[in-house]
1. Using the Cα centre of the chain as the reference point, and only Cβ charges (+1 on K/R, -1 on D/E), how large is the resulting charge dipole? Debye, rounded to the nearest 20.
2. What do you get for the angle between helix 109-122 and the principal long axis of the chain? Use alpha-carbon atoms, 0 to 90 degrees, nearest ten.
3. Could you derive backbone 3J(HN,Hα) for segment 75-90 from the dihedral phi with the Karplus parameters 6.51, -1.76 and 1.60 (θ = phi - 60°), listing whole Hz in sequence and x where the residue is Gly or Pro?
4. Roughly speaking, what is the stretch gain from Lys127 to Asp24, that is 0.36 nm per residue apart minus the C-alpha to C-alpha distance, in nm to one decimal?
5. May I ask you to evaluate 6.51 cos²θ - 1.76 cosθ + 1.60, the Karplus curve with θ = phi - 60°, for each residue of segment 8-14 and list the ³J(HN,Hα) values in order in whole Hz, giving x for glycine and proline?
6. As I understand it, the dipole of the chain uses +1 on the Cβ of Lys and Arg and -1 on the Cβ of Asp and Glu, about the Cα centre. Which of Gly97, Leu113, Ile70 lies farthest toward its positive end?
7. With the dipole of the chain worked out from charges on the C-beta (+1 for Lys and Arg, -1 for Asp and Glu) around the Cα centre, which of Thr38, Ser2, Pro53 lies farthest toward the positive end?
8. So what is the relative contact order of the chain, in percent, for Cα pairs below 8 Å that sit 6 or more residues apart?
Amino acid sequence: MSLNVFTTESIGVRNHIAIYIETDPSTDSGWLHHVTGTILNGMDYTPRPTCNPKGLPEYVPDSQKKIATINEGDRDRFREECCLAVPPPRPQVTLGGKRLYPDTPLYRCGHWLKDVEKLAFEKGIFKRF
């Protein structure tokens, strides 16, 4: 069975972007794959089951975009070979806003997501629709 894969945004000080895999269209539910935290403290990969993000109060209208499909049997492979293979953003600034690695561009949740998405396509886990 093929499942739909989306990117979705939620409102925040900086909008947050995540990958949503719709696992059960009949109940409008699935799994959110994203990193949480800040560039001050670093981030962690924190997947979670969820209703469709479109129904959440923090959802940015019209931000959910279908990017791929995934075979149901490849969900664990996606998590292990893509989400866990790409390191989440590390701490990058001090409390005063000074950059810890001034020669390195800031790396945020959206950058992590793009790297995971690219890897999933390269490995053939995500399929273009």
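1. Working: 17 positive and 16 negative charges, 86 e Å.
So the magnitude is around 420 debye.
2. Approximately 50 degrees, to the nearest ten.
3. These are the phi-based 3J(HN,Hα) values: 4, 5, 4, 4, 4, 6, 8, 10, 4, 7, 7, 9, x, x, x, 8 Hz.
4. Details: separation 103, 0.36 × 103 = 37.08 nm, distance 1.85 nm.
Using 0.36 nm per residue and subtracting the Cα-Cα distance, I get 35.2 nm.
5. My calculation for segment 8-14 gives 8, 10, 10, 6, x, 3, 10 Hz in order.
6. Gly97
7. Of Thr38, Ser2, Pro53, it is Thr38.
8. Details: 233 pairs, mean separation 36.0, N = 129.
Result for the chain is 28 percent.
Values in this text are rule-based calculations from the coordinates and carry no lab data. Treat the numbers as computed from the prediction; the structure is a model and nothing was measured. With ideal geometry, Cβ positions are generated from the backbone for all residues, glycine too; neighbour counts draw on all protein chains shown.
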